[in-house]
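Worksheet: the structure to be examined is printed underneath.
The values are calculated or read from the model by the stated rules, or taken from the named source; none is laboratory data. From a predicted model like this one, the values you see are computed outputs, not experimental measurements. Cβ atoms come from the backbone with ideal geometry, glycine included; neighbour counts cover every protein chain shown.
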Amino acid sequence: MNKPDVIVIGGGLVGSAIAYGLSKNARVLVLDEGDRAFRATRGNFGLVWVQSKGFGAPHYARWSKRSADLWADFAAELKDATGVDTHHKRTGGVHLLLTEQEVAARAAMMEQLRREAGNDGYDYEMLDAAGVRSLLPNVGPRVLGASFTPYDGVANPLYTIRALHTSLAARGAQYSPGHTVSLIDKEAGVFVVRTDKGSFHAPKLLIAAGLGTRRLAELVGIRVPVNPQRGQVLVTERLAPGVMGGGVTFTNARQMVEGSVIIGDSQEDVGLDNRTTVPVISNIAARAMTCFPVLEKAQIVRAWGALRVMSPDGLPIYAESKTMPGAFAATCHSGVTLCAAHAREIAGWIAGGARPEPTLKLVPERFDVPKAA
Amino acid sequence: MFRRLPSADAGARLRLTIDGVAVELRAGETVAAALFLAGSKAGRTTPVSGTPRGPYCMMGVCFDCLVQIDGEGNRQACMIEAREGMVVTRQMGARALGGKAES
Amino acid sequence: MTERFELAIVGAGPAGMAAALEAKARGLSAVVLDEQPRPGGQIYRRAEARDARLEAALGAEYAHGMALTEKFLAGGVAYRPNTTLWDLSPELRLSVLRDNRAGEIDAAHVILATGAMERPVPVRGWILPGAMSVGAAQILLKTTGAVPDKPAVLAGSGPLLYLLAAQYLAAGVEVRALVETQPGANYRAAAPYLLPALWQRKLLLKGAAMLRDLRKHGVKRWQGASSLAVEGNDACTALTFAVNGKRERIETELVLLHEGVIPNVHVTMAINGGHDWDATQLCWRPRLDAWGATSVDGVSVAGDGGGIWGAEAAEHTGRIAALGAAQRLGKISEEARDRAASHARASLARLRGARQFLDLLYKPAPGQRLPPDDVIVCRCEEVTAGTLREVARIGAIGLTQAKTYTRCGMGPCQGRMCGPTVAALVADERKMPEASVPPYRPRAPYKPVTIGALAAAVDADTPPPDASAGAH
Ligand SMILES: Cc1cc2nc3c(=O)[nH]c(=O)nc-3n(C[C@H](O)[C@H](O)[C@H](O)COP(=O)(O)OP(=O)(O)OC[C@H]3O[C@@H](n4cnc5c(N)ncnc54)[C@H](O)[C@@H]3O)c2cc1C
Ligand code: FES
C-alpha cells in the first residue's frame, strides 16, 4: 500500500478491531506475522464476559461492560458489511462452583464487585444447588452453586476476525500477513517500520502485536510489560443442540452454534510454549464431566494450547508514546470482550478524539508505582 | 453396492442389524463392510448440511463412515469389527448426547 | 496403567512388523501397537487369517505378507491391537486408547510406522456415496472378498488403479472403465528414469502384465482425462470428464478415485519434527537421518510414513530404524549396526531406483488438486474451494489461518482429508511455492477421545481445580 495514514502492527483481534475503526476515515496498513505466530485470537474461548472483570478496579469493570453493551450493534454492523455472522449473543453468564470454598470465595468476590460498582450498578445472583438445577437441569450432582450475571454473552472470535479482515479489504485498508516487524524508527516526522520483507512508512503507528507488543513498544519508548499465560482448550464433535440444557453461557464449557462444545481452560505460566499436555487436558475433561455428566461420552476431536497476553494486573494497557508522539500501543487480555469498544472508542481516540473515560487509568505508568504494602 | 465373492464365503458367521435389518457377516469383517454388503449407500447424513455420506477411505482417515453402534453415536464403522448381535443405526446428522436417539 | 518398554513401535504394517522382529533379535524389549484389530497394516489386510481363497486374486506379494505377519505373531513381541495413539509427549510417553480406555506406555525410543494415506481427490461430487477411494475398495476386497455388484469406473492416476483393476479381473469381476488423469507431459518427464527402473524388472513386468490384462478383457481406458465430476443427487449415478476437448459421460453407481498415496505425517507434525516438501510426490515428508531418526530426540520413522517407497522398502526401513534404535540404546555397537544394515540398504537403493520413474509418471495433474469453486474441499466442515480462495485473498497464507477463517480442518478427521488441497489452493491463489505454505499443526488427541476416557486419568474424589475462575 502506498502512503498509509496509519500502520497497525498486529492483526489479531485488538489490532484488527482498532484498524477497522480507523479505516472508516484513514488509509490503514495492518502488518501481521506468519501463519505459525502466537495469536491469542485463534485460541480463545469467545466469551464476551463481564462478571469477573475489574475486581478492585471498577474502571475496568465499566470498560468491559461498556464494550459488552456495544457488541450487539457492532456485530450487526459487521454482518451488514461482510455477510459474516459473528454469532454474538448476550445470554447471561454462569460460573459453576464445586466446593464450599469455591462458593464462599465467589460470593465474596461478587459482593465486592457490586460495592465497587457504586452507582453504575452490578446485578448478580448467587444460585444455590437447587437454584442451579432449576435453571440448568443437566448439571452434575457435585455442582454446589453458581454465580450469575445478565451482562455476559458470547461471540465467535474466528468469524469475528474473518469479518474484520474482510471489511478491512472492503474499505481499502490492507491486511498483510507474513511480515515480522523487527525495527521501528522515526525519520523526518514519519515512522519507518521494517519487516523481514521491506520497509513501510506512515505518520501514525499503532502497536497491537499481542505478546510481541512488549519488545516493539519499547522501540517507541512505551513500556508494555505483558507476559504469556497458557490456556488449553478442548473441543468436541458437533452435537445436537441443547447439550448444556439451558441458554445461558458457562465459563468452562459452551456449545457453539455449530454444535461442538468447547471446554476450557487452564492458566499456566510456561513461557512461549503453546503445546497441549495430557495432564492438563485430562483435568479440564474431568472438571467438565463433573459439571456436565452428559459430556462423558462426547468425543474430543481437537485440543489446543494458546497464550494469553497478560499484564501484571491482568488489565489492558493503552498508551501514546511521550518520546515519539503518534506512536500508540494497545494490548489486553480480553480481546473478544473489548473488541467493540476497541473498534469504536480506542480507534476514535487514536484518530484524534478524546480518550475514553474508563481507560484513563489503563496507562503503563501504573506499573511504575511501587505497590503499597 | 458390493457383493461377496462366492470364493470368499468361508469363516464363522455372525449377524448384526442395520436400522433393524439383519445382515450376515463373517468373523473379522468390519461394520463398514456390512453397510456395503447390505447395499446401504449412505451410513450417515452430515451435521453440517444433512447430506448423505458413505465410507470413503476404509482406513480410519476420513470419518465419513460414522454410524451409531449399540447406542453410541459417531463411531468409525471401518475400524470396528462386527460382533454378533450388534445394533447399528445410521447416524442422522449431529449426534444427540444422552438424547432419545442415543440411549 | 503405565507400561514400560525400551522400544515402542506404532503401526503393525510391514515396517512396524519388520522393526519389531529386528528389535527383538537385538535384545530390545519392544511393544507394537496399532489401531487396527489385526496386524498387516494397510497392505497385508487380514493377511494373518490365511485366507487362501483370495490368494489367487491378490497375488504373490500378499502371500509374502502372510508369511511376515505369521512370523511377527509368532515372534514373541508384545502386540496391542485396537490401540490408538493419541498423544506422544517429549518424554516419550505414549498416551493410548484401547476399547475406549486410556492407558500409557513409557518408552526409551519410539518408531512411528504409521504408514501412508491416499491423497484426497477433491473432484466435483467426490463426497457422494458411491464415490470412494481405490484403496478403500481394495481393503474391502482383502478383508471381505467384496467386489462391486455392478461394474465400477476407476479414475485418477497411479499404479494402484491398474492393480485393483487387475485383481478384479482375476476374480472374474467386470470393470467398466479406467479414466486416467496423468497428463501426457508426465510420460516425457518420467522417460529418462526408465533405465534405472529397469533394475526393477519384476515390478515393471508386473505393470506390463496388468495393462495386458486390461486389454485382454476389453476394459476401456481413457487417457489424459481432466475436470472429473461425479454426478448424482444422493448417490453417484455417473462420472463425467473432459478428454481431447470433449466431455464424456459414463453411467455407473461406483466411482473409485485415486491420485497416489502420501505419508501420514500427523504425528511427526504434532511433535514438531522437521519436514521437507517433496516436490515430486507433492507431499510433506519428515526429515530423517540414515537411520530413520527424526529431529525429535528418540523418535524415528519407518515405512511409508517417511516417504512413499512401497511395502517391500518399508520392511527394510523398519529393520534399519530398529538397528538405529538398538545402537542408540546401547544394545549393539555402531559397527554391528552398520554391518547388519548393509543388506537392507542395498535392497532399498534398488527399490528406490524404480520409484522416481513411477512418481514422475503418475504425478497428479494440477487440476486434480485445484478444484473449481463449488467443490467441497473439507468434507467434515463442508468448506468449498471458493471459500478457501476467498480467505486466501483476505489473508490466509497458511493452513492455520485458513482454518481460523473457515473451520476447514476442524472436524473429526482433523484436516487429514483437506490439508493437502487447502495448501494447494492457498499456494495457487497467493502465488506462493507450496513448500512455503505452513501445513496444519496437528495436536493431541491425534484421534477423537471421549471426555470420560480423558477424565479417567484424574483422581475421582477431588474435584479438579477451577482453573478459569478469574479469566476471560
Ligand atoms: C485460552 C484462552 C481463552 C481466552 N478466552 C477469552 C474469552 O473468553 N473472552 C475474551 O474476551 N478473551 C479471551 N481470551 C483473550 C483473547 O484471545 C485475547 O485478548 C485477544 O486475542 C488478544 O488479541 P491481540 O490482537 O492482542 O493478540 P493476538 O491475537 O495474539 O494477536 C497479535 C498479533 O500480532 C502479531 N505480531 C506479533 N509480533 C509481531 C511482529 N514483530 N511483527 C508483526 N506482527 C507481529 C502476531 O502474529 C499476532 O497476529 C482468551 C485467551 C486465551 C489464550
Ligand atoms: S471410511 Fe474413512 S474413516 Fe472410515
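If a residue has to be touching a residue at least 60 places away in the same chain (Cβ under 8 Å) and either surrounded by fewer than 15 Cβ atoms within 10 Å (Cβ to Cβ) or within 14 Å of chain C (Cβ to nearest Cβ) (or both) to count, how many in region A:114-135 make the cut? Please lay out each step first, then the result.
In the first step, residues of region A:114-135 are kept if they are touching a residue at least 60 places away in the same chain (Cβ under 8 Å); the result is A:116, A:118, A:120, A:122, A:124, A:135.
Filter once more, keeping what is either surrounded by fewer than 15 Cβ atoms within 10 Å (Cβ to Cβ) or within 14 Å of chain C (Cβ to nearest Cβ) (or both): A:118, A:120.
Qualifying residue count, region A:114-135: 2.
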Any idea which residue in region B:1-45 is nearest to the other protein chains (Cβ to nearest Cβ), counting only those that are among the polar types (S, T, N, Q) and over 16 Å from residue B:83 (Cα atoms)?
-> B:7
Subset of region A:241-290, residues facing chain C (nearest Cβ under 8 Å) and β-branched (Val, Ile, Thr), comes to A:251, A:263, A:276, A:277, A:278, A:281, A:284, A:290
Tell me, yes or no, whether region C:222-238 has at least one residue that is closer than 28 Å to residue C:60 by Cα and small (Gly, Ala, Ser).
-> no
Of the residues in region C:416-444, those that are within 16 Å of residue A:302 (Cα to Cα) and assigned to a helix (DSSP H, G or I) number 1
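Looking only at region C:286-302, which residues are buried (at least 21 other Cβ atoms within 10 Å of the Cβ) and within 23 Å of residue C:357 (Cα to Cα)? Steps first, please.
We begin by selecting, within region C:286-302, every residue buried (at least 21 other Cβ atoms within 10 Å of the Cβ); these are C:286, C:288, C:292-294, C:299-302.
Of everything in region C:286-302, those that are buried (at least 21 other Cβ atoms within 10 Å of the Cβ) and within 23 Å of residue C:357 (Cα to Cα) turn out to be C:286, C:288, C:302.
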Checking C:461, C:428 in turn, the sole residue that is modelled with pLDDT of 95 or more, more than 8 Å from chain A (Cβ to nearest Cβ) and more than 16 Å from ligand 2 (Cβ to nearest atom) turns out to be C:428
Only one of B:70, B:64 that is within 13 Å of the chain's Cα centre (by Cα) and within 9 Å of ligand 2 (Cβ to nearest atom) = B:64
Expected output for region C:98-119 (first residue assigned by TED's automatic domain parsing to the domain that holds residue C:36, partner assigned to a loop (DSSP other than H, G, I, E, B) and aromatic (Phe, Trp, Tyr), Cβ below 9 Å, 6+ apart or cross-chain) is none
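Considering only region C:211-240, state which residues are out of contact with any Cys (no Cβ under 8 Å at 6 or more places or on another chain) and within 14 Å of another protein chain (Cβ to nearest Cβ). Write out each step before concluding.
Let us first name the residues in region C:211-240 that are out of contact with any Cys (no Cβ under 8 Å at 6 or more places or on another chain), namely C:211-229, C:231-240.
Across region C:211-240, the qualifying residues are C:232, C:233, C:234, C:235, C:236, C:237.
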Which numbered condition trips up residue A:318, out of (1) at pLDDT 95 or above; (2) more than 16 Å from ligand 1 (Cβ to nearest atom)?
-> (2)
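Name the residue that is nearest to the chain's Cα centre (by Cα), counting only residues in region A:47-56 that are surrounded by fewer than 24 Cβ atoms within 10 Å (Cβ to Cβ) and more than 9 Å from chain C (Cβ to nearest Cβ).
Of all residues in region A:47-56, those surrounded by fewer than 24 Cβ atoms within 10 Å (Cβ to Cβ) come to A:52, A:54-56.
Remaining after also requiring more than 9 Å from chain C (Cβ to nearest Cβ): A:54, A:56.
Values: A:54: 14, A:56: 20 Å.
Top of the filtered list is A:54.
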Taking residue C:327 and the conditions (1) under 21 Å from the mean Cα position of the chain (by Cα); (2) more than 24 Å from residue C:40 (Cα to Cα); (3) surrounded by 20 or more Cβ atoms within 10 Å (Cβ to Cβ), which numbered condition does it fall short on, given that it satisfies the others?
-> (1)
For region C:297-317, pairs from a residue that is assigned by TED's automatic domain parsing to the domain that holds residue C:16 and of a type in the set (Phe, Trp, Tyr) to a residue that is at pLDDT 95 or above and part of a helix (DSSP H, G or I), with Cβ under 8 Å and 6 or more apart or across chains, are C:309/C:317
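Mind counting the residues in region A:30-44 that are crowded, with 21+ Cβ neighbours inside 10 Å and more than 16 Å from residue A:14 (Cβ to Cβ)? I'd like the intermediate steps shown before the answer.
As a first pass, look at region A:30-44 and keep what is crowded, with 21+ Cβ neighbours inside 10 Å: A:30-33, A:35, A:37, A:39-41, A:43-44.
Narrowing further to those that are more than 16 Å from residue A:14 (Cβ to Cβ): A:35.
Qualifying residue count for the region: 1.
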So which of A:234, A:216, A:272 ends up being in contact with a strand residue (DSSP E or B) (Cβ under 6 Å, 6 or more places away or on another chain) and more than 30 Å from residue A:317 (Cβ to Cβ)?
-> A:234
Given the structure, is residue C:407 within 14 Å of chain A (Cβ to nearest Cβ) and surrounded by fewer than 24 Cβ atoms within 10 Å (Cβ to Cβ)?
-> yes
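Run down C:240, C:268 and say which single residue is within 30 Å of residue A:36 (Cα to Cα) and of a type in the set (Val, Ile, Thr). Full working, then the answer.
Numbers: C:240 fails: within 30 Å of residue A:36 (Cα to Cα).
Of the residues listed, the single one that is within 30 Å of residue A:36 (Cα to Cα) and of a type in the set (Val, Ile, Thr) is C:268.
Return a yes/no flag: does region C:136-143 have any residue that is among the hydrophobic types (A, V, I, L, M, F, W, C), buried (at least 21 other Cβ atoms within 10 Å of the Cβ), part of a helix (DSSP H, G or I) and in contact with a Phe, Trp or Tyr (Cβ under 7 Å, 6 or more places away or on another chain).
We begin by selecting, within region C:136-143, every residue among the hydrophobic types (A, V, I, L, M, F, W, C); these are C:136-137, C:139-141.
Remaining after also requiring buried (at least 21 other Cβ atoms within 10 Å of the Cβ): C:136-137, C:139-141.
Filter once more, keeping what is part of a helix (DSSP H, G or I): C:136-137, C:139-141.
When the remaining residues are screened for being in contact with a Phe, Trp or Tyr (Cβ under 7 Å, 6 or more places away or on another chain), the result is C:136, C:140.
Yes, region C:136-143 has at least one match.
Show me the strands (runs of 3 or more DSSP E) found entirely inside region A:158-201 where at least 1 residues are within 19 Å of residue A:221 (Cα to Cα). It would help to see each step written out before you state the result.
Working: elements: A:174-176, A:181-187, A:190-195.
Here the list reads A:181-187, A:190-195.
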Looking at (1) surrounded by 21 or more Cβ atoms within 10 Å (Cβ to Cβ); (2) more than 10 Å from chain C (Cβ to nearest Cβ); (3) more than 15 Å from ligand 1 (Cβ to nearest atom); (4) among the basic types (Lys, Arg), which is the one condition that is false for residue A:186?
-> (1)
Apart from one, (1) away from chain B (no Cβ under 14 Å); (2) farther than 26 Å from residue C:187 by Cα; (3) free of Cβ contacts under 8 Å to residues at least 40 places away in the same chain all hold for residue C:245; the odd one out is (2)
Can you name every residue in region A:256-275 that is within 12 Å of ligand 1 (Cβ to nearest atom) and charged (D, E, K, R)?
-> A:265, A:268
By my count, strands (runs of 3 or more DSSP E) wholly in region C:195-272 with at least 1 residues that are acidic (Asp, Glu) are C:226-231, C:246-251, C:255-259
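Need a quick list: strands (runs of 3 or more DSSP E) entirely within region A:294-340 having at least 1 residues that are more than 16 Å from ligand 2 (Cβ to nearest atom), of a type in the set (Lys, Arg) and touching a residue at least 24 places away in the same chain (Cβ under 8 Å).
Values: elements: A:299-310, A:317-320, A:327-331.
In region A:294-340, A:299-310 are the strands (runs of 3 or more DSSP E) which contain 1 or more residues that are more than 16 Å from ligand 2 (Cβ to nearest atom), of a type in the set (Lys, Arg) and touching a residue at least 24 places away in the same chain (Cβ under 8 Å).
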In region B:52-75, anything under 23 Å from residue C:134 (Cβ atoms), more than 7 Å from chain C (Cβ to nearest Cβ) and surrounded by fewer than 20 Cβ atoms within 10 Å (Cβ to Cβ) is listed as none
Any idea which of (1) within 16 Å of ligand 2 (Cβ to nearest atom); (2) under 19 Å from residue C:236 (Cα atoms); (3) part of a strand (DSSP E or B) is the one residue B:42 doesn't satisfy?
-> (3)
